[in-house]
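Shown next, in structure tokens, is the structure this report addresses.
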Amino acid sequence: IRVGREEFVVHLIPSGIVREGVVCTVGNGVVVNPEVLAQEVEELESRGIEVRGRLKVDGRAHLILPYHVRLDGHREKALGKAKIGTTNRGIGPAYEDKVARTGVRVQDVFDPGILRQKLEAALREKNSLFTNVYDEEPFDPERLAEYLLGFRDLLGPMMADTGALLRGAIGRGEEVLLEGAQATLLDNDFGTY
């Protein structure tokens, strides 16, 4: 994003965040890497952009976890010359878990019991892949839970029902701008198929 002579690089936070007074939302259809979110918030705020008070993340958005990133890299490498060209950021595997109903959502970070239960269930299958197919160490669900619980202070004030926020803004006659960033070949119906 270029504003005057300044340039900002974001992968997750909507570009409208560079405009004062704009409230930005990350909806439930987006997969969120909490570590990337934290880095982007820190970078933007270090440059004088208020983010925490203006960014809302839907509690139903699914999280990209370290095992998604690792799995994405393994799959892309295994395809060799036929690789898709993913960013190796775990986006595809996180969406797979969302569709399979085995994903972890932002709101799960605020219920440690549910969080641990979901991680244990997801890692039964994922860890089998890592140990038996990729010959790697498995992920520890407890360490992963502690890692995710560390993002509660960041995510808590941001978590919202973004659909309700947008419906409210439209009802009040406010302007709403939708932003999308899906590349053509990543389209699930018409892309690399």
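The values are calculated or read from the model by the stated rules, or taken from the named source; none is laboratory data. The model shown is predicted, which means the values in this text are computed figures rather than measured ones. Reconstructed Cβ throughout: ideal geometry from the backbone, glycine too, with neighbour counts over all protein chains shown. When the accessible area is computed, the model is the full protein with side chains, heavy atoms only, and any ligands, DNA or RNA have been set aside. Shrake-Rupley method; radii C 1.70, N 1.55, O 1.52, S 1.80 Å.
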In debye to the nearest 20, the charge dipole size for the range 96-140, taken about the Cα centre with +1 at each Lys and Arg Cβ and -1 at each Asp and Glu Cβ, equals 300 debye
Projecting the Cα atoms of 63, 123, 17 onto the charge dipole of the range 1-127, where Lys and Arg contribute +1 and Asp and Glu -1 at Cβ, the residue farthest towards the positive end is 123
quick note, the chain, DSSP beta bridge pairs, % antiparallel (nearest 5) is 30 percent
Reported to the nearest 10 Å², residue 118 has, with a 1.4 Å probe, an accessible area equal to 60 Å²
Yeah, the range 73-180 with a ≥ b ≥ c from its alpha-carbon gyration tensor (a/c under 1.5 is rounded, else prolate when a/b outruns b/c, oblate otherwise) is oblate
Rounded to whole Å², per residue accessible area for the chain with a 1.4 Å probe reads 62 Å²
Within the chain, excluding any GluC sites (Glu not before Pro) found in a DSSP loop (not H, G, I, E or B) and having at most 13 other Cβ atoms within 10 Å, the longest uninterrupted segment runs 51-135
Row for the range 1-160, column shape: gyration tensor on C-alpha, a ≥ b ≥ c, rounded if a/c < 1.5 i.e. under 1.5, prolate if a/b over b/c, else oblate; value oblate
The aspartates and glutamates whose Cα lies under 17 Å from the Cα of residue 126, excluding any fewer than 8 residues away in the same chain, are 72, 76, 96, 97, 135, 136, 137, 140, 142
Plugging the Cβ-Cβ distance of residue 178 and residue 101 into 1/(1 + (r/R0)^6) at R0 = 30 Å yields, to the nearest 0.05, a FRET efficiency of 0.70
Answer in debye to the nearest 20: the dipole magnitude of the range 39-161 about its Cα centre, from +1 Lys/Arg and -1 Asp/Glu charges placed on Cβ, is 440 debye
Of every hundred units of 1.4 Å-probe accessible area on the range 38-171, the number belonging to carbon and sulfur atoms, as a percent, is 52 percent
Under the helix-only model (-39500 (n - 2.57) for each DSSP H run of 4 or more, divided by the residues of the chain), the mean residue ellipticity at 222 nm, to 500 deg cm²/dmol, is -12500 deg cm²/dmol
